[in-house]
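First comes the structure, then the notes that go with it.
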Amino acid sequence: MKKVILYIILLLPWFLSSLFNKCTAYFDMLNLPFFALPKWSYGIVWTLLYLIIAYSVYLVYQEVKFNNKNYNTSLIANYIFNQLYLPLFFCLKSPMLGLITSIGILITSLLLYLETNNISKKAAKFLIPYIVFMVYATILSLSIYFLNL
């Protein structure tokens, strides 16, 4: 039971930015590229990604109890960029800030993967879908930026 509670504690902070979902009506006003996913699918994708990111963090915690400075720095930087995306892009209605934040998330997710891989190869594998989606999300953000100049 303690393991489940620990996992939930590690999972819940990732959903903090979802408090800004009332700003997402801005998405309907944007010109979107042909490869944009349907609006309803993003909540599903991010929920799944947060579940596997939290599981990766949980596995690392089991190994080193957050006693790795490089890992902690990568995790915190990634978390901050991730949490900033919704308010900067949607609430401030800024495709440029969304693009910058997406690039930040992509870079820090790669760093997080590398640091995680140094601790636990198994935990690092859970971050691969996150990185793949962030490549897509960054290309999407770049496209939205240029389509809405």
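With the whole protein complex present, Met29 retains an accessible surface near 130 Å², based on a 1.4 Å probe. Counting lysine pairs in region 32-149 that sit 8 or more residues apart in sequence, or on different chains, and whose Cα atoms lie under 26 Å apart gives 7. In the chain, helices alone account for a calculated mean residue ellipticity at 222 nm of -23000 deg cm²/dmol, with every DSSP H run of four or more residues adding -39,500 (n - 2.57). Taking every protein chain into account, the accessible area of region 12-135 amounts to 54 square angstrom per residue (probe 1.4 Å). Mean sequence separation of contacting Cα pairs (under 8 Å, at least six apart), scaled by the length of region 40-149, corresponds to a relative contact order of 33 percent. Available extension along the chain between Ile76 and Leu6 is 23.4 nm, counting 0.36 nm per residue and deducting the alpha carbon span.
A full extension of the chain between Phe146 and Tyr26 corresponds to an added length of 41.6 nm, given 0.36 nm per residue minus the alpha carbon distance. Ligands, DNA and RNA aside, Lys125 has an accessible area near 140 Å² when probed at 1.4 Å. Here region 1-86 is treated with +1 on each Lys and Arg Cβ and -1 on each Asp and Glu Cβ, and its dipole about the Cα centre works out to around 240 debye.
For the chain, a simple Cβ point-charge model (Lys and Arg +1, Asp and Glu -1, everything else neutral) yields a dipole of about 360 debye relative to the Cα centre.
Thr47 sits with roughly 60 Å² accessible to a 1.4 Å probe, with DNA, RNA and ligands left out of the calculation.
Extent along the principal axes, Cα only, for the chain: 46, 28, 23 Å, with the longest axis given first. Along the axis of the charge dipole computed for the chain (Cβ charges of +1 for Lys and Arg, -1 for Asp and Glu, origin at the Cα centre), the listed residues Ser94, Ile139, Val64 are led at the positive end by Val64.
The values are calculated or read from the model by the stated rules, or taken from the named source; none is laboratory data. Since we're looking at a predicted model, the values are computed, not measured. Note: ideal-geometry Cβ built from the backbone for every residue, glycine included; neighbour counts use all protein chains shown. Areas reflect the complete protein model, heavy atoms only, side chains present, ligands, DNA and RNA absent. Shrake-Rupley method; radii C 1.70, N 1.55, O 1.52, S 1.80 Å.
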